[in-house]
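Right, one structure below, let's go through it.
The values are calculated or read from the model by the stated rules, or taken from the named source; none is laboratory data. Note that the coordinates shown come from a computational prediction; the quantities given were computed from them, not determined experimentally. When we count neighbours, we look across all protein chains shown, and the Cβ atoms used for this are built from the backbone with ideal geometry, even at glycine. Remember, those area values only see protein heavy atoms, side chains included, never the ligands or the DNA or RNA. Shrake-Rupley method; radii C 1.70, N 1.55, O 1.52, S 1.80 Å.
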Amino acid sequence: MARENVLVVDDERDILELVKYNLDKEGYQVTVVATGEDALAVTRSRAPDIVVLDLMLPGVDGLEVCRRLKGDQKTRGIPIVMLPAKGDEADVAAGLELGADDYVTKPFSPRVLTARIRA
């Protein structure tokens, strides 16, 4: 079973619980936070193996979190899977141009998200 540490960042409690539950079942160690500031703090203190990141967060938004993580020598190698409610072409392009590794829009299949994290 996988033992990778996944950081999930979303301001919706239901999404956090759904993703955490499904990743826990697959053997991942899951940390959940609800703000961009908390995501940056957690990543600085103990770098996760992958970040699942919503775009619309209070305070520092997901695009800014992605930009900061990819711009920092210590965190630029951490894969980021964007998990936003918006999936239009411009949003997908913006996330990928900032360095996101994958993009899964809500509503999403937990099974597909898990497969993408595994990949």
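If a residue has to be in a helix (DSSP H, G or I) and open to solvent by 70 Å² or more (accessible area, probe 1.4 Å) to count, how many in segment 1-16 make the cut?
Pass one, segment 1-16, residues in a helix (DSSP H, G or I): 13-16.
Retained after the next criterion (residues that are open to solvent by 70 Å² or more (accessible area, probe 1.4 Å)): 13-14.
Going through segment 1-16 one residue at a time, the tally reaches 2.
Give segment 21-55 a look and list any residue that's under 12 Å from the mean Cα position of the chain (by Cα) and closer than 21 Å to VAL112 by Cβ, or say none. Working first, answer last.
Here is the first cut: in segment 21-55, the residues under 12 Å from the mean Cα position of the chain (by Cα) are 30-36, 39-40, 43, 48-55.
Across segment 21-55, the qualifying residues are VAL30, VAL32, PRO48, ASP49, ILE50, VAL51, VAL52, LEU53, ASP54, LEU55.
What is the one condition in (1) in a strand (DSSP E or B); (2) over 11 Å from VAL9 (Cα atoms) that GLU64 does not satisfy?
(1)
Whether any residue in segment 71-86 is closer than 16 Å to ILE15 by Cβ, out of contact with any helix residue (DSSP H, G or I) (no Cβ under 8 Å at 6 or more places or on another chain), free of Cβ contacts under 8 Å to residues at least 60 places away in the same chain and not hydroxyl-bearing (Ser, Thr, Tyr) is what I want to check.
Scanning segment 71-86 turns up at least one residue that is closer than 16 Å to ILE15 by Cβ, out of contact with any helix residue (DSSP H, G or I) (no Cβ under 8 Å at 6 or more places or on another chain), free of Cβ contacts under 8 Å to residues at least 60 places away in the same chain and not hydroxyl-bearing (Ser, Thr, Tyr).
Which residues, taken from segment 37-66, are crowded, with 20+ Cβ neighbours inside 10 Å, over 20 Å from GLY87 (Cβ atoms) and not aliphatic (A, V, I, L, M)?
Hits for segment 37-66 are THR43, PRO48.
Among residues belonging to segment 17-33 that are open to solvent by less than 40 Å² (accessible area, probe 1.4 Å) and in contact with a Lys or Arg (Cβ under 8 Å, 6 or more places away or on another chain), point out the one that is nearest to VAL52 (Cα to Cα). I'd like the intermediate steps shown before the answer.
Here is the first cut: in segment 17-33, the residues open to solvent by less than 40 Å² (accessible area, probe 1.4 Å) are 19, 22-23, 27-28, 30-31, 33.
Filter once more, so that each one left must be in contact with a Lys or Arg (Cβ under 8 Å, 6 or more places away or on another chain): 22, 27-28, 30.
Details: ASN22: 13, GLY27: 16, TYR28: 13, VAL30: 10 Å.
The qualifying residue nearest to VAL52 (Cα to Cα) is VAL30.
Anything in segment 67-119 that is in contact with a Lys or Arg (Cβ under 7 Å, 6 or more places away or on another chain), over 25 Å from TYR21 (Cβ atoms), open to solvent by less than 90 Å² (accessible area, probe 1.4 Å) and in a loop (DSSP other than H, G, I, E, B)? List them, or say none.
LEU98, GLY99
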